[in-house]
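The values are calculated or read from the model by the stated rules, or taken from the named source; none is laboratory data. Please read all numbers here as calculations on a predicted model, not as lab measurements. Virtual Cβ from ideal backbone geometry, glycine too; neighbours counted across all protein chains shown.
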Amino acid sequence: MRILLFIFAAITAVFSVVPSTLATPVPVVTSDAVPLHAASGVIKSWTDKDVTIAHGPVASLGWPAMTMQFSLDEYHGDRFSPGQAVNFTFRNSGSTFSLTTVSTR
């Protein structure tokens, strides 16, 4: 059963990345019930430990557009360059916001 939930969550995550034509990000739920939040933005800086993104509103959290830093502890993908427009997901754990996925828009 847990494997089925994991597969469902993985498929949901792949198909829940917000297209650039949508204004409202869509929340994604992982198999361990920790929500992921989706947004679109522009990479401002990228280091080995974190990334700064100027993003649009995050409806699932009630946030307005802002620029903020995300930890790369959970991210294992490619590095992106400043100025690139991206769709991304992140997890909120206490006061830490961890980037989980990124794709170009």
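Data table
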read-out	value
In segment 56-70, the residues that are under 11 Å from the mean Cα position of the chain (by Cα) and over 14 Å from Trp46 (Cβ atoms)	Val58
Enumeration of residues in segment 93-103 that are of a type outside the set (A, V, I, L, M) and touching a Leu at 6+ places or on another chain (Cβ under 7 Å)	Thr100
Val86 vs. criteria touching a helix residue (DSSP H, G or I) at 6+ places or on another chain (Cβ under 7 Å) and either at pLDDT 95 or above or crowded, with 17+ Cβ neighbours inside 10 Å (or both)	no
Members of segment 71-105 found to be closer than 11 Å to Asp50 by Cα and under 9 Å from the mean Cα position of the chain (by Cα), listed by number	Ser98, Leu99
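Listed here are the residues, each with its yes/no results for (1) buried (at least 19 other Cβ atoms within 10 Å of the Cβ); (2) of a type in the set (A, V, I, L, M); (3) at pLDDT below 95.
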residue	(1), (2), (3)
Pro35	no, no, yes
Ile43	yes, yes, no
Thr47	no, no, no
Ile53	yes, yes, no
Leu61	no, yes, yes
Ala65	no, yes, no
Asn92	no, no, yes
